[in-house]
Amino acid sequence: MTTQDLLYMFFIFALGSCVGSFLNVVIWRLPHRGREVIYLKTQGKLTLSWPPSHCPVCDSPIAWYQNVPILSWLVLRGTCANCSTPIPIRYPLVELGTAVLFVALYLAYFIGFWPTPGVAPGQQLFTDLANDWPVFVLHLCLVAALLAASAIDADWFIIPLSIPALLMVLGVVAAPFINHKAFPALAPDALHPARWLMAKPILGAAIGVILANFLLWLKVLPQSFANIPPGPEHPDAVNAELDADKSKEEPIAPPPKMTRKSPSFIAVLAILIFLAGAWIDSTPKWASLFTVIGGILIFLIGVLPRDKGQTDVTDEVMDEISGPRARHEILKEALFLAIPLACALIAFVLPFDLPQYPWLTRVVGSLLGLLAGGGIVWLVRIGGTLGFGREAMGLGDVHLMAGVGAIIGAPLVLIAFVTAPFLGILWAIVLKLLGKPNILPYGPWLSVASILCLLVGNPLLQWYLTVLFPPTTGLVLPM
Ligand SMILES: [Zn+2]
C-alpha cells in the first residue's frame, strides 16, 4: 500500500461520509415526498431539497458546521444545539457505514485483499483508480442506492421504485461508455461462439418489459394486489394521518413492524447439512449432494412465505394477500410477464443479424443482468405464491434485483440472490438465540448479498462452481 493509496482512501472515506449524510436525507424524505409541511411559516410540499436541514422539534436551522458528517454528531454529543432533543445514533452510523463500505470497495479492488484466484496480477479486473474509476464510481453509486433502499425497506416494508429504477437506467445508459472487464458484456468467445444468438431475444424481452409497463399504465393489463388498502405501516397511511394533524411535521417513531416466525429448527438443520457437505471433501459426490440439498432447504426457508406472527394487518388485507385471492392476483403478474416472453420469442425468429458492436455487447450484457436479477425473484414470487397461497417476496425485491443486475451482470446477481437467504437465516438464528423478534424484511438481505458480491463476487463465483460442478464436468456458466 503506497502513500497515494492512503491519500485516496482518506478522500474516499470523506466522500463516503458526505454521501451517507445525503442518504440520511433520502431515507427520511423519499417515503414522505410530496407531503404538505410547514417550516418557519412557509407551507409547501416536502422534497429532497426543501425544507433545508432543521431540527424537527424546535425548527432551528442546522448550520453547515453542525452538519459535518459523523464529527458534528460527536461534537454535539448527539443532541440538537438549540433545544437538546436527542439525535438518533442511526444518523452518524449511516454516514460511517457508507464511508467504511466505500473504503472497503477500494481495498477490495485496488489493494487486492481479495484477489481473484488463478488470475495473474496483470490480468486482475482492477489495476488502479486512474484507469478503473468509471466502474468504481458506478459501483459506489450502487452501494449508496442499496444502503438507502435497505434502510427504507427496514423502516416501512417498501422499496420506493425510484431507487431501483435509477439503478436500471444508470446501468443501461452507462453501458456504451464503460469499456471495462468488470462491466457485464455479452460477447461471443472461443468457449461460447454462439452466445451472441441470445442478444436478439434479450433485446426483445427488454422491449417487451417497456411495452407491458405501457399497457399497465393504459390499464389494458390489470394491476395485481391493487385493491389492498395501505396497511398502517405503509407511508401513504402514515402521511394521511400526519396530514390530518398539520401541527405536527414529522412522526417521532417508525410504525410498528410485523414480526416473523422463522422455522429456526429446520434452518439450523439445513445449515448443518450444508456445512457438512462443504467439509466432506474426500468424496466430492457426497459433498455436492449435501451442499445442494442444504442449499435448497436454506433457500426455500429464506424466500418462501411464512407465518407473520402478530401483525397490525387488518382481516381485509389478510384476506386479499392470502388464500385463493393471492393466487388469482399473482396470475395477473404472470400475464404481465407473458408479454416480454412473447417479444423475446418473436425477436429470436426475426430473420436478421444483430451487428456485434462492442458498445451493444455491453448494453445487452446489462439488460441480461437486469432481466436475470428481476426475473429470478419474480419467478420465485409467482411460484411461491401459487404454491403456498400467500404472497411470497415483494415486487420491490423484483425491482431491486433488476437494478442490481443491470450494473453487476447476470452471474453475480444470481449469486447475490442465492446468498441472501443464508445471511437472513443466520441473522434470524442469532436473534432467536438472543430472544429477540426478527423484524427485517427481505430487501436488506438482498442488498447485503449484492454488496458482498461486489467485494468477493468473483472468488465466490469460482467457489460455487467448484462445489456445485466439480472441475471434471467442465461446466462453465454462460456469460
Ligand atoms: Zn432542536
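The values are calculated or read from the model by the stated rules, or taken from the named source; none is laboratory data. This structure is a prediction, so every number in the text was calculated from the model and none was measured. Note that each Cβ is placed from the backbone with ideal geometry, even for glycine, and that neighbours are counted across all protein chains shown.
Each row is one residue, and each column tells you yes or no for (1) touching a helix residue (DSSP H, G or I) at 6+ places or on another chain (Cβ under 6 Å); (2) closer than 20 Å to Val143 by Cβ.
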{"site": "Phe388", "(1), (2)": "no, no"}
{"site": "Val398", "(1), (2)": "yes, no"}
{"site": "Val404", "(1), (2)": "yes, yes"}
{"site": "Ile407", "(1), (2)": "yes, yes"}
{"site": "Ala416", "(1), (2)": "yes, yes"}
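None of Cys58, Cys18, Cys83 is surrounded by 13 or more Cβ atoms within 10 Å (Cβ to Cβ) and touching a residue at least 24 places away in the same chain (Cβ under 8 Å) except Cys18. Candidates are the residues of the range 61-80 that are closer than 18 Å to Val19 by Cα and in contact (Cβ under 8 Å) with a residue 24 or more places away in the chain; the one that is surrounded by the fewest Cβ atoms within 10 Å (Cβ to Cβ) is Asn67. Of the listed requirements (1) within 16 Å of the ligand (Cβ to nearest atom); (2) at pLDDT 85 or above; (3) of a type in the set (Phe, Trp, Tyr), Tyr106 misses just one: (1).
Table: residues versus (1) touching an Asp or Glu at 6+ places or on another chain (Cβ under 8 Å); (2) of a type outside the set (A, V, I, L, M).
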| site | (1), (2) |
| --- | --- |
| Ile330 | yes, no |
| Phe336 | no, yes |
| Ile346 | no, no |
| Pro358 | no, yes |
| Leu367 | no, no |
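Residue count for the range 87-103 under the criterion of being without any contact (Cβ under 8 Å) to a residue 60 or more places away in the chain and within 16 Å of the ligand (Cβ to nearest atom): the result is 2. The residues listed here are Ser72, Ser84; of these, the one that is assigned to a helix (DSSP H, G or I), within 14 Å of the ligand (Cβ to nearest atom) and at pLDDT 85 or above is Ser72.
Against the test of being part of a loop (DSSP other than H, G, I, E, B) and away from the ligand (no atom under 16 Å from the Cβ), the options Gly44, Gly34, Gly20 yield a single qualifying residue, Gly34. Considering Leu221, Leu203, Leu161, the condition of being touching a residue at least 12 places away in the same chain (Cβ under 8 Å) and in contact with a Lys or Arg (Cβ under 9 Å, 6 or more places away or on another chain) is satisfied by Leu221 alone. Number of residues in the range 158-214 that are assigned to a helix (DSSP H, G or I) and within 23 Å of Trp378 (Cα to Cα): the value is 28.
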